[in-house]
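See below for the structure under consideration.
The values are calculated or read from the model by the stated rules, or taken from the named source; none is laboratory data. Here the structure is a predicted model, which means the values were calculated and not measured. Methodologically, a virtual Cβ is constructed for each residue, glycine included, from the backbone with ideal geometry; neighbour enumeration extends over all protein chains shown. Only protein heavy atoms, including side chains, enter the accessible area calculation; ligands, DNA and RNA are left aside. Shrake-Rupley method; radii C 1.70, N 1.55, O 1.52, S 1.80 Å.
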Amino acid sequence: ATAAIEGQLKAFKANDWEAAARYQHSALRKAFADLQTFRASIRQGYPQFANYKSVTFGDSRCSRNGDRFEIRVLVTGVDGVAVKATYALEREE
């Protein structure tokens, strides 16, 4: 799970929005009309994620059936601002 999160963060930082979008749940991919809309949304709404300096992983939990995994993160942007969030990873077909 942490490798997937770091993979997406690195893709954001590298301006590789196609790779970053591959980490999204299929429902989220459908919510964005195109990669440009996705990029604008992340850059505007989550600037520390789009250009992160570091990530620290915290507590995690998994559903009983293993279909959903949540992990708390502290993402620090290159601007020095730290943001707490919860990443949720869900199993898909």
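Calculate, in nm to one decimal, what Lys84 and Ala33 gain on full extension: separation in residues at 0.36 nm each, minus their alpha carbon distance.
15.6 nm
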Q: Skip the ligands, DNA and RNA, and give the accessible area per residue of the chain with a 1.4 Å probe, whole Å².
A: 67
Q.
Straight-line reach only, C-alpha to C-alpha below 19 angstrom: list the aspartates and glutamates that Lys10 could link to, leaving out same-chain residues fewer than 8 apart.
A. Glu18, Asp79
Q.
I need the phi-derived Karplus couplings for region 23-35: 6.51 cos²θ - 1.76 cosθ + 1.60, θ = phi - 60°, integer Hz, Gly and Pro marked x.
A. 7, 6, 5, 4, 5, 5, 4, 6, 6, 9, 5, 6, 5
Q: Would you mind telling me which residue in Ala20, Ala31, Ala50 has the biggest mean-square fluctuation in a Gaussian network model of the chain, where springs connect alpha carbons within a distance under 10 angstrom?
A: Ala31
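How large, in percent, is the carbon and sulfur part of the accessible surface of the chain at a probe radius of 1.4 Å?
Carbon and sulfur together cover 47 percent of it.
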Q: Would you mind working out the magnitude of the charge dipole of the chain relative to its Cα centre, with +1 at each Lys and Arg C-beta and -1 at each Asp and Glu C-beta, to the nearest 20 Debye?
A: 160
Q) Can you give me the relative contact order of the chain as a percent, contacts being Cα pairs under 8 Å and 6 or more apart? A) 23
**Q.** Most fluctuating residue given options Lys30, Lys53, Lys13, as computed from a GNM of the chain linking Cα atoms under 10 Å
**A.** Lys30
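Can you compute the equivalent ellipsoid semi-axes for the chain, i.e. the square root of 5 times each eigenvalue of the Cα gyration tensor, sorted largest first and rounded to whole Å? Before the final figure, lay out each step's value.
Details: eigenvalues 86, 67, 20 Å².
Semi-axes, largest first: 21, 18, 10 Å.
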